[in-house]
Amino acid sequence: MTRPIARPEQNLWDASAAASLGVLDGLVYRSNLLGRDRSVANYGGGNTSVKVEEKDHTGLLRRILYVKGSGTDLATITADGFTALKLDEVDPLFERDSMTDEEMVAYLSRCQLEPNMPRSSIETLLHAFVPFDHVDHTHPDATNMICCAEDGERLAKELYGDSDVWIPYVRPGFALSKQVGDAVRSNPGTKLILLAKHGLVTWGETGEESYSRTIEAINRAVDFVNDRSGDREAFGGAAHEPLDAEGRRRILAELLPVLRGEVSRETTKIAVVDVAPGVLEFACGHDSKELSQVGAACPDHLVHTKMRPLWIDFDAASDDAETLESKIVDGVRAYRDWYEGYVGRNRADDETMADPNPRVVLIAGVGMVSLGRNARQARLARDLYHRAIAVMRGAHALDSFVSLTEEESYAVEYWPLELYKLSLSPPPKELEGKVAFVTGGAGGIGEAIVRRLNDEGACVVVTDIDHEGAERLAQRLGIEAVAVTTDVTEERAVANASLEAALSFGGVDIVVSNAGLASSASLEETSVELWELNHSVLARGYFLVAREAFRLMKRQGTGGSLVFVASKNAVVAGKNAAAYSSAKAAELHLARCLAEEGGSDGIRVNTVNPDAVLQGSKIWEGSWREERARAYGIEPEELEEYYRQRTTLKVNVLAEDVAEAVLFFASDARSSKTTGNLLNVDGGVAAAYPR
Ligand code: ZN
């Protein structure tokens, strides 16, 4: 191997910390410790339990099983994430020969100590049937290298001797739980159970014993795989040289909008790029394409990664961007055909087919792109595929990687209990999966727009000339935002910002041109510089951003919405602001021209006309406030009142009011049939009424 498989963190059990904890908190501690290393317990995967005597609501002392609730994650689980079940009601199930999932779920829900606890994990009975107080079930990379090896059972015997029991693959549920319970009861010397193509079960008299057995089983598997695979190169050696960072950036920026457009026919997706060294090693591997098509490395991955990723062959030496583009389009279409066939062949009842597009796309020599209906889902597919790559790497070096068959995969992917886990996630927000690009996004109206669009579920590219302000806002919004320093008057800077949008989220759907400035001067006092400054930001800047938006949106082929933030001054003539007002008028007319040009591609272009947004708006921080006050013959601090009295509704206009109007034009759900339009957000100014 070019790089030995790393051990997970050593045994992290802190006996003194654990000793002070009660039973349930001890279970939380153990669970969090297992979840801390994703090579031990993947996202949402695995479950833990403890059996304890506790009083029920009548004061009766009963034996209780605390077990992880469905849809929680070991790394972050708290006491509330566990369900408590009355064991005297659960234990008799071990005498049964079979039980359907529905019967099991209905039965267990009646065994809960409290009615409003989370639904117990799919693998609950496995914990109940193992006759020890502490049980852990995980899907560690290292033991799954054995579990997913063709000759895994024999290899496991060599590795663990008589201390392990191997159970051939069976879908989690009553039958598997019973087999595990039987195996532990009838093999007293056993310390762990390996579930073929699935994972590991350990137990103990104490939490520490169960945890330590998991870590020991993993570390022994790591040493075994490293030892046995000898000098064998990972993934059969490198078939490609990875593309250099600059080439990769260029290629990805070109192809991501095409890919995102192609997979977003049914629902819009967020794309996340991953070019980490381990991913690149896989993307360049000689055997990787074949390996990637074998199947999932753990049943837990299936609903998030699907049975297999889409693999795109790419040769940087001979393929240009155009060739790659057609390979991506053809590849996604072929993938969808395969997926529809897979569902058709295996459908038992009339299950509704899930979105047929790939969740993971590997591009030879370039890297991995994961897709999801939001940033979190796209990252989850990525993170689970990291686990798959690690397992394939070890299993392939050791032996031959095997996975669930197509029927087994389907049975898990469309298993009602897995679908139930998905149903726990909140319903999609209005702009979920959409990417918004906002100029001048760091403060004032721009920040209000960024926040409003993000509140509705959009990922946001916050661009601003104010680097720190944009960074600060993006960081506050977390994984759904990225900051790009951009001067909208610079052609290259705008092109670069567009490229960053493609690299960050896969493309763009909503572009809000909001970057602005204002100046006030009589005509004679207006310098050429002042004139050009207004026109370079408000006319040229809006043109440059719109041009990049059109280019990107057309590559995506899924339409889009451009919203210009203009001003009342775009339509109302006033004194002492000729440079500003004429530039705003140019902006407004540009929007109308672009509405005509974008229509055939489903690109809508609309304008919001705010007036006198003083609060939070950056343009009022400069001399504009004083200049305006002087123009009206009032004191600067009288401006709010002056503007309020000037409106028909006698109100002040806030940045949030403008953001609301932007959302209206941005959202297809609200304004899909509106383009070339103009919406005043000014409290009513008769001179600006459209006619
Ligand atoms: Zn499992």
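The values are calculated or read from the model by the stated rules, or taken from the named source; none is laboratory data. Please read all numbers here as calculations on a predicted model, not as lab measurements. Note: ideal-geometry Cβ built from the backbone for every residue, glycine included; neighbour counts use all protein chains shown. With ligands, DNA and RNA removed, areas are computed over all heavy atoms of the protein, side chains included. Shrake-Rupley method; radii C 1.70, N 1.55, O 1.52, S 1.80 Å.
Probing with 1.4 Å while keeping every protein chain in the model, the per residue accessible area of segment 186-282 equals 39 Å².
Starting from a Cα-only point model with no solvent, please compute log10 I(q)/I(0) by Debye for the chain at q = 0.10 1/Å. So the normalised log intensities are -0.96.
For Lys289, a cut-off of 14 angstrom between C-alpha atoms picks up these aspartates and glutamates, skipping any fewer than 8 places away in its own chain: Glu281, Asp313, Asp315.
Quick check on segment 368-414: take the gyration tensor over C-alpha atoms, sort the square-rooted eigenvalues as a ≥ b ≥ c, and tell me if it's rounded (a/c under 1.5), prolate or oblate. Let's see the in-between values first.
Details: a/c = 3.72, a/b = 1.33, b/c = 2.79.
Oblate, because a/c is 1.5 or more while a/b does not exceed b/c.
Of Thr83, Thr72, the residue with the largest accessible area leads and the full order is Thr72, Thr83 (1.4 Å probe). Each of Leu280, Tyr410, Pro242 was scored by the projection of its Cα onto the charge dipole of the chain, and the greatest displacement toward the positive side belongs to Tyr410; charges sit on the C-beta of Lys, Arg, Asp and Glu.
Remark on Val681: its backbone amide H falls under 5 Å from those of Asn609, Asp611, a criterion applied only to residues 5 or more positions apart or on other chains, H modelled at 1.01 Å from N.
Could you look at the chain and say what percent of its accessible area is carbon and sulfur, using a 1.4 Å probe and all protein chains? All intermediate terms of the calculation are to be shown ahead of the outcome.
Numbers: 13920 of 27940 Å².
Carbon and sulfur together cover 50 percent of it.
Over all directions, the projected convex hull of the C-alpha atoms in segment 233-311 averages 6.1 nm² in area.
Work through the residues other than Gly152 whose Cβ is under 12 Å from its Cβ and net out their charges, Lys, Arg +1 and Asp, Glu -1. Intermediate results must be reported in sequence, preceding the final value.
On the way: positive: Arg154, Lys157, Lys197; negative: Glu150, Asp151, Glu153, Glu158, Asp164, Asp399.
My count for the surroundings of Gly152 gives -3.
Taking label positions 7 Å along the Cα-Cβ direction at both Glu490 and Ser423, the computed distance is 5.3 nm, reported to one decimal.
About its Cα centre, the dipole of segment 502-580 is roughly 400 debye, where the only charges are +1 on Lys and Arg Cβ and -1 on Asp and Glu Cβ.
Got a sec? Charge dipole of the chain, +1 on Cβ for Lys and Arg, -1 for Asp and Glu; which of Val170, Leu678, Cys147 is way out at the positive end? About the Cα centre, the residue reaching furthest to the positive side is Leu678. Simple point charges give the picture: +1 on the Cβ of Lys and Arg, -1 on the Cβ of Asp and Glu, and for the chain a dipole about the Cα centre of about 1040 debye. Net length available on complete extension from Ala17 to Asp227 is 72.1 nm, with 0.36 nm assigned per residue and the Cα-Cα distance removed.
Before I look further, what does segment 462-601 give for accessible area per residue, probe 1.4 Å, in whole square angstrom?
42 Å²
Here the label points at Arg185 and Val651, each 7 Å from Cα along the C-beta direction, are separated by 7.0 nm in the simple model. For Lys197, the aspartates and glutamates whose Cα comes closer than 12 Å to its Cα, not counting residues fewer than 8 places off in the same chain, are Asp141, Glu150, Asp151, Glu153, Asp300, Glu408. Here the calculated FRET efficiency for Ala317 and Glu53, from their Cβ-Cβ distance with R0 = 41 Å, stands at 0.05, rounded to the nearest 0.05. Candidates Cys459, Ala296, Leu380 compared by Cα position along the dipole of the chain: farthest toward the positive end lies Cys459, with charges placed on Cβ.
Dipole magnitude for segment 149-214: about 260 debye, using +1 per Lys or Arg Cβ and -1 per Asp or Glu Cβ, origin at the Cα centre.
Distance between the pseudo-spin-label points of Cys593 and Gln475 (7 Å out from Cα toward the beta carbon): 4.1 nm.
Report the gain in length on full extension from Glu153 to Glu246: 0.36 nm times residue separation, minus Cα-Cα distance, nm rounded to one decimal.
Details: separation 93, 0.36 × 93 = 33.48 nm, distance 4.56 nm.
Residue separation times 0.36 nm, minus the Cα-Cα distance, leaves 28.9 nm.
With the cut-off at 27 Å, tell me which of the pairs Lys306/Lys673; Lys650/Lys673; Lys157/Lys306; Lys157/Lys178 have Cα atoms farther apart than that. All intermediate terms of the calculation are to be shown ahead of the outcome.
Values: Lys306/Lys673 36 Å; Lys650/Lys673 31 Å; Lys157/Lys306 31 Å; Lys157/Lys178 22 Å.
Correct reply: Lys306/Lys673; Lys650/Lys673; Lys157/Lys306.
Once R0 is set to 25 Å, what does the formula 1/(1 + (r/R0)^6) return for the Cβ-Cβ distance between Ala354 and Arg670, expressed as a FRET efficiency to the nearest 0.05? List each step's numbers first, then the result.
Working: r = 28 Å, r/R0 = 1.10.
After rounding, the FRET efficiency stands at 0.35.
Remark on Gly560: its backbone amide H falls under 5 Å from those of Ile603, Arg604, a criterion applied only to residues 5 or more positions apart or on other chains, H modelled at 1.01 Å from N. Return one whole number: the accessible area per residue of segment 11-53 in Å², for a 1.4 Å probe. Solvent-accessible surface per residue comes out at 37 Å².
If I take R0 = 41 Å and measure r between the Cβ atoms of Tyr689 and Glu529 in this structure, what FRET efficiency does the formula 1/(1 + (r/R0)^6) give, to the nearest 0.05? Each step should come with its number before you reach the end.
Details: r = 34 Å, r/R0 = 0.84.
The calculated FRET efficiency here is 0.75.
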